[in-house]
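Structure, as C-alpha coordinates:
The values are calculated or read from the model by the stated rules, or taken from the named source; none is laboratory data. Keep in mind that what you see is a predicted model, and the values were worked out from it rather than measured. Note that each Cβ is placed from the backbone with ideal geometry, even for glycine, and that neighbours are counted across all protein chains shown.
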Amino acid sequence: MSASNVKEFGRSAAEEGVRAALLSALEPEARNVIQNSGLNIHAAIYLFFAGAMGGAINAVAGGGSFISFPALLFSGVDAVPANATNTLALWVGTAASSGAYQNRVRLPQRIMVPLLLTSVAGGLAGALLLIRTPSRTFLHLLPWLLLGATLLFAFGGHVTKRIAVNITHDTSNAAIVVAAVFELAVAVYGGYFGGGIGIMNLAMLAALGMTDIHAMNFLKVVLGSIINGVATVTFVVSKAIAWPQAMVMTTGALLGGYASAHFAQKLPQLWIRRFVIFSGVAMTVYFFKRAYC
(Lines give C-alpha, C1' and ligand atoms only; values in the text may rest on other atoms or scores of the structure.)
Protein backbone atom coordinates (compact mmCIF):
# COMPACT_ATOMS: atom_id res chain seq x y z
CA MET A 1 0.00 0.00 0.00
CA SER A 2 1.45 3.39 -1.05
CA ALA A 3 1.96 6.32 1.32
CA SER A 4 -0.92 8.24 -0.30
CA ASN A 5 -3.26 5.28 0.14
CA VAL A 6 -2.25 4.93 3.78
CA LYS A 7 -2.88 8.64 4.33
CA GLU A 8 -6.30 8.42 2.65
CA PHE A 9 -7.19 5.34 4.67
CA GLY A 10 -6.18 7.09 7.90
CA ARG A 11 -8.25 10.16 7.08
CA SER A 12 -11.30 8.06 6.22
CA ALA A 13 -10.94 6.11 9.44
CA ALA A 14 -10.66 9.33 11.44
CA GLU A 15 -13.78 10.77 9.77
CA GLU A 16 -15.74 7.62 10.47
CA GLY A 17 -14.59 7.75 14.08
CA VAL A 18 -15.77 11.36 14.48
CA ARG A 19 -19.05 10.56 12.73
CA ALA A 20 -19.63 7.61 15.07
CA ALA A 21 -18.87 9.78 18.10
CA LEU A 22 -21.30 12.48 16.94
CA LEU A 23 -24.07 10.00 16.24
CA SER A 24 -23.57 8.23 19.55
CA ALA A 25 -24.31 11.51 21.37
CA LEU A 26 -27.78 11.65 19.81
CA GLU A 27 -31.01 9.84 20.66
CA PRO A 28 -31.82 6.85 18.38
CA GLU A 29 -34.60 8.75 16.54
CA ALA A 30 -32.33 11.73 15.91
CA ARG A 31 -29.53 9.40 14.84
CA ASN A 32 -31.79 7.84 12.19
CA VAL A 33 -32.77 11.26 10.87
CA ILE A 34 -29.11 12.28 10.51
CA GLN A 35 -28.11 9.03 8.83
CA ASN A 36 -30.97 9.21 6.32
CA SER A 37 -30.68 12.94 5.60
CA GLY A 38 -27.61 12.92 3.37
CA LEU A 39 -25.82 15.39 5.69
CA ASN A 40 -22.15 14.67 4.97
CA ILE A 41 -19.59 14.16 7.71
CA HIS A 42 -17.68 17.37 6.98
CA ALA A 43 -20.82 19.51 7.33
CA ALA A 44 -21.87 17.61 10.47
CA ILE A 45 -18.49 18.15 12.15
CA TYR A 46 -18.48 21.82 11.12
CA LEU A 47 -21.98 22.44 12.49
CA PHE A 48 -21.29 20.49 15.68
CA PHE A 49 -18.27 22.60 16.56
CA ALA A 50 -19.99 25.83 15.45
CA GLY A 51 -22.88 24.94 17.77
CA ALA A 52 -20.48 24.10 20.59
CA MET A 53 -18.66 27.39 20.17
CA GLY A 54 -21.92 29.33 19.93
CA GLY A 55 -23.30 27.66 23.05
CA ALA A 56 -20.08 28.29 24.98
CA ILE A 57 -19.90 31.95 23.94
CA ASN A 58 -23.57 32.49 24.83
CA ALA A 59 -22.99 31.05 28.30
CA VAL A 60 -20.00 33.30 28.95
CA ALA A 61 -20.59 36.58 27.16
CA GLY A 62 -23.46 36.28 24.65
CA GLY A 63 -23.19 36.69 20.89
CA GLY A 64 -23.01 33.00 19.97
CA SER A 65 -25.22 33.58 16.93
CA PHE A 66 -22.36 35.40 15.22
CA ILE A 67 -20.72 31.96 14.96
CA SER A 68 -23.60 29.50 14.63
CA PHE A 69 -25.89 31.36 12.22
CA PRO A 70 -23.29 32.02 9.49
CA ALA A 71 -22.13 28.41 9.88
CA LEU A 72 -25.58 27.22 8.83
CA LEU A 73 -25.56 29.54 5.82
CA PHE A 74 -22.06 28.41 4.81
CA SER A 75 -23.17 24.77 5.04
CA GLY A 76 -25.84 25.39 2.41
CA VAL A 77 -29.00 26.05 4.45
CA ASP A 78 -31.21 28.83 3.04
CA ALA A 79 -31.33 32.08 4.99
CA VAL A 80 -34.77 31.78 6.60
CA PRO A 81 -34.47 28.09 7.63
CA ALA A 82 -30.92 28.85 8.85
CA ASN A 83 -32.23 31.60 11.13
CA ALA A 84 -35.03 29.35 12.40
CA THR A 85 -32.62 26.44 12.98
CA ASN A 86 -30.15 28.68 14.80
CA THR A 87 -32.91 29.93 17.08
CA LEU A 88 -33.80 26.36 18.04
CA ALA A 89 -30.19 25.24 18.56
CA LEU A 90 -29.17 28.10 20.87
CA TRP A 91 -32.52 28.45 22.64
CA VAL A 92 -32.07 25.07 24.32
CA GLY A 93 -28.88 26.14 26.05
CA THR A 94 -30.20 29.59 26.96
CA ALA A 95 -33.36 28.19 28.56
CA ALA A 96 -31.34 25.74 30.64
CA SER A 97 -29.19 28.51 32.14
CA SER A 98 -32.17 30.28 33.74
CA GLY A 99 -32.22 27.74 36.57
CA ALA A 100 -29.11 29.28 38.09
CA TYR A 101 -31.09 32.29 39.32
CA GLN A 102 -34.57 30.97 40.01
CA ASN A 103 -34.06 30.44 43.75
CA ARG A 104 -32.43 33.83 44.29
CA VAL A 105 -34.77 36.23 42.49
CA ARG A 106 -38.32 37.23 43.38
CA LEU A 107 -39.98 39.91 41.28
CA PRO A 108 -43.43 41.53 41.65
CA GLN A 109 -46.17 40.15 39.42
CA ARG A 110 -47.07 43.65 38.26
CA ILE A 111 -43.65 43.75 36.56
CA MET A 112 -43.39 40.14 35.46
CA VAL A 113 -46.83 39.62 33.92
CA PRO A 114 -46.79 42.52 31.39
CA LEU A 115 -43.24 41.67 30.30
CA LEU A 116 -44.03 37.96 29.90
CA LEU A 117 -47.20 38.63 27.90
CA THR A 118 -45.52 41.08 25.54
CA SER A 119 -42.60 38.66 25.11
CA VAL A 120 -44.98 35.91 24.00
CA ALA A 121 -46.94 38.17 21.65
CA GLY A 122 -43.85 39.78 20.13
CA GLY A 123 -41.94 36.52 19.73
CA LEU A 124 -44.88 35.02 17.85
CA ALA A 125 -45.29 38.09 15.63
CA GLY A 126 -41.58 38.20 14.79
CA ALA A 127 -41.43 34.49 13.95
CA LEU A 128 -44.48 34.73 11.68
CA LEU A 129 -42.93 37.75 9.98
CA LEU A 130 -39.70 35.79 9.34
CA ILE A 131 -41.58 32.83 7.87
CA ARG A 132 -43.31 35.17 5.42
CA THR A 133 -40.06 36.87 4.39
CA PRO A 134 -38.52 35.52 1.13
CA SER A 135 -34.96 34.24 1.61
CA ARG A 136 -33.64 36.73 -0.94
CA THR A 137 -35.20 39.64 0.95
CA PHE A 138 -33.85 38.32 4.26
CA LEU A 139 -30.32 38.10 2.80
CA HIS A 140 -30.53 41.81 1.95
CA LEU A 141 -31.75 42.64 5.46
CA LEU A 142 -29.21 40.35 7.13
CA PRO A 143 -26.11 42.61 7.02
CA TRP A 144 -28.10 45.46 8.59
CA LEU A 145 -29.38 43.13 11.31
CA LEU A 146 -25.84 41.87 11.95
CA LEU A 147 -24.52 45.44 12.05
CA GLY A 148 -27.15 46.46 14.61
CA ALA A 149 -26.50 43.38 16.74
CA THR A 150 -22.72 43.95 16.62
CA LEU A 151 -23.07 47.59 17.69
CA LEU A 152 -25.42 46.58 20.51
CA PHE A 153 -23.00 43.94 21.71
CA ALA A 154 -20.02 46.30 21.51
CA PHE A 155 -21.58 49.39 23.12
CA GLY A 156 -24.72 48.16 24.89
CA GLY A 157 -22.92 47.81 28.22
CA HIS A 158 -22.16 51.54 28.30
CA VAL A 159 -25.84 52.32 27.70
CA THR A 160 -27.09 50.10 30.52
CA LYS A 161 -24.50 51.47 32.97
CA ARG A 162 -25.49 55.07 32.27
CA ILE A 163 -29.18 54.33 32.62
CA ALA A 164 -28.64 52.41 35.84
CA VAL A 165 -26.63 55.30 37.30
CA ASN A 166 -29.10 57.99 36.30
CA ILE A 167 -32.37 56.22 37.18
CA THR A 168 -32.81 54.86 40.68
CA HIS A 169 -36.48 55.66 41.43
CA ASP A 170 -39.07 53.06 42.34
CA THR A 171 -40.74 51.44 39.38
CA SER A 172 -43.93 53.34 38.59
CA ASN A 173 -46.96 52.08 36.67
CA ALA A 174 -46.09 54.44 33.81
CA ALA A 175 -42.56 53.01 33.67
CA ILE A 176 -43.96 49.47 33.52
CA VAL A 177 -46.26 50.41 30.61
CA VAL A 178 -43.35 51.98 28.72
CA ALA A 179 -41.19 48.93 29.46
CA ALA A 180 -43.93 46.57 28.22
CA VAL A 181 -44.25 48.50 24.95
CA PHE A 182 -40.46 48.47 24.56
CA GLU A 183 -40.38 44.74 25.35
CA LEU A 184 -43.00 44.11 22.66
CA ALA A 185 -40.74 45.76 20.08
CA VAL A 186 -37.72 43.81 21.37
CA ALA A 187 -39.71 40.57 21.22
CA VAL A 188 -40.80 41.16 17.61
CA TYR A 189 -37.17 41.78 16.67
CA GLY A 190 -36.10 38.74 18.73
CA GLY A 191 -38.59 36.44 17.05
CA TYR A 192 -37.45 37.72 13.67
CA PHE A 193 -33.67 37.66 14.18
CA GLY A 194 -32.64 37.90 17.82
CA GLY A 195 -29.09 39.25 17.84
CA GLY A 196 -28.61 41.65 20.74
CA ILE A 197 -31.95 41.17 22.51
CA GLY A 198 -30.14 40.49 25.78
CA ILE A 199 -28.53 43.94 25.67
CA MET A 200 -31.88 45.54 24.77
CA ASN A 201 -33.59 43.85 27.69
CA LEU A 202 -30.84 44.88 30.14
CA ALA A 203 -31.25 48.50 29.01
CA MET A 204 -35.03 48.27 29.51
CA LEU A 205 -34.67 46.74 33.00
CA ALA A 206 -32.15 49.40 34.01
CA ALA A 207 -34.63 52.03 32.84
CA LEU A 208 -37.20 50.47 35.17
CA GLY A 209 -34.87 51.32 38.02
CA MET A 210 -33.50 47.82 38.63
CA THR A 211 -29.94 47.70 40.00
CA ASP A 212 -29.70 44.07 41.20
CA ILE A 213 -27.54 42.47 38.52
CA HIS A 214 -28.72 38.95 39.48
CA ALA A 215 -32.36 39.92 39.05
CA MET A 216 -31.59 41.69 35.76
CA ASN A 217 -29.67 38.74 34.36
CA PHE A 218 -32.43 36.36 35.44
CA LEU A 219 -35.10 38.45 33.71
CA LYS A 220 -32.90 38.86 30.64
CA VAL A 221 -32.52 35.09 30.34
CA VAL A 222 -36.19 34.38 31.07
CA LEU A 223 -37.50 36.95 28.59
CA GLY A 224 -35.03 35.85 25.93
CA SER A 225 -35.94 32.20 26.50
CA ILE A 226 -39.65 32.96 26.15
CA ILE A 227 -39.16 35.01 22.98
CA ASN A 228 -36.97 32.37 21.35
CA GLY A 229 -39.11 29.53 22.72
CA VAL A 230 -42.29 30.94 21.17
CA ALA A 231 -40.40 31.58 17.94
CA THR A 232 -39.01 28.03 17.99
CA VAL A 233 -42.46 26.47 18.42
CA THR A 234 -43.73 28.62 15.56
CA PHE A 235 -40.84 27.51 13.34
CA VAL A 236 -41.41 23.85 14.22
CA VAL A 237 -45.14 24.05 13.47
CA SER A 238 -44.42 25.89 10.22
CA LYS A 239 -41.79 23.27 9.23
CA ALA A 240 -39.09 25.94 8.89
CA ILE A 241 -36.43 23.94 10.79
CA ALA A 242 -33.63 22.10 8.96
CA TRP A 243 -33.77 19.11 11.33
CA PRO A 244 -30.55 17.21 10.52
CA GLN A 245 -28.50 20.38 10.96
CA ALA A 246 -30.55 21.39 14.02
CA MET A 247 -29.91 18.08 15.81
CA VAL A 248 -26.16 18.22 15.26
CA MET A 249 -25.87 21.90 16.20
CA THR A 250 -28.14 21.59 19.25
CA THR A 251 -26.00 18.73 20.56
CA GLY A 252 -22.91 20.87 20.11
CA ALA A 253 -24.56 23.90 21.75
CA LEU A 254 -25.57 21.86 24.80
CA LEU A 255 -22.12 20.38 25.24
CA GLY A 256 -20.43 23.73 24.62
CA GLY A 257 -22.67 25.54 27.08
CA TYR A 258 -22.19 22.85 29.73
CA ALA A 259 -18.41 22.80 29.32
CA SER A 260 -18.14 26.60 29.42
CA ALA A 261 -19.97 26.65 32.76
CA HIS A 262 -16.95 24.88 34.25
CA PHE A 263 -14.17 26.74 32.43
CA ALA A 264 -15.66 30.23 31.99
CA GLN A 265 -13.95 31.65 35.06
CA LYS A 266 -10.52 30.73 33.66
CA LEU A 267 -10.98 32.81 30.51
CA PRO A 268 -10.80 36.64 30.51
CA GLN A 269 -14.23 37.84 29.38
CA LEU A 270 -12.59 40.78 27.61
CA TRP A 271 -10.87 38.35 25.22
CA ILE A 272 -14.15 36.60 24.52
CA ARG A 273 -16.00 39.88 23.95
CA ARG A 274 -13.32 41.02 21.52
CA PHE A 275 -13.54 37.73 19.63
CA VAL A 276 -17.34 38.04 19.39
CA ILE A 277 -17.12 41.65 18.20
CA PHE A 278 -14.45 40.71 15.63
CA SER A 279 -16.68 37.86 14.40
CA GLY A 280 -19.67 40.20 14.20
CA VAL A 281 -17.73 42.78 12.19
CA ALA A 282 -16.30 40.12 9.85
CA MET A 283 -19.73 38.56 9.23
CA THR A 284 -21.31 41.99 8.71
CA VAL A 285 -18.72 42.95 6.09
CA TYR A 286 -19.02 39.55 4.38
CA PHE A 287 -22.81 39.65 4.10
CA PHE A 288 -22.81 43.30 2.96
CA LYS A 289 -20.50 42.26 0.11
CA ARG A 290 -22.63 39.19 -0.61
CA ALA A 291 -25.89 41.14 -0.69
CA TYR A 292 -24.86 44.33 -2.46
CA CYS A 293 -21.66 43.68 -4.46
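Numbers below:
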item: Count - residues of the range 177-218 that are hydrophobic (A, V, I, L, M, F, W, C) and modelled with pLDDT of 80 or more; result: 12
item: Hits in the range 267-293 (condition: without any contact (Cβ under 8 Å) to a residue 24 or more places away in the chain and either at positive phi or not in a helix (DSSP H, G or I) (or both)); result: PRO268, CYS293
item: First in the range 171-191 and without any contact (Cβ under 8 Å) to a residue 60 or more places away in the chain, second anywhere and of a type in the set (A, V, I, L, M), Cβ under 6 Å, 6 or more apart; result: ALA175/LEU208; PHE182/MET204
item: Answer residue from the range 256-276, given it is crowded, with 18+ Cβ neighbours inside 10 Å and hydrophobic (A, V, I, L, M, F, W, C) and is modelled with the lowest pLDDT among those; result: ILE272
item: Members of the range 107-132 that are modelled with pLDDT under 90 and of a type in the set (Lys, Arg); result: ARG110
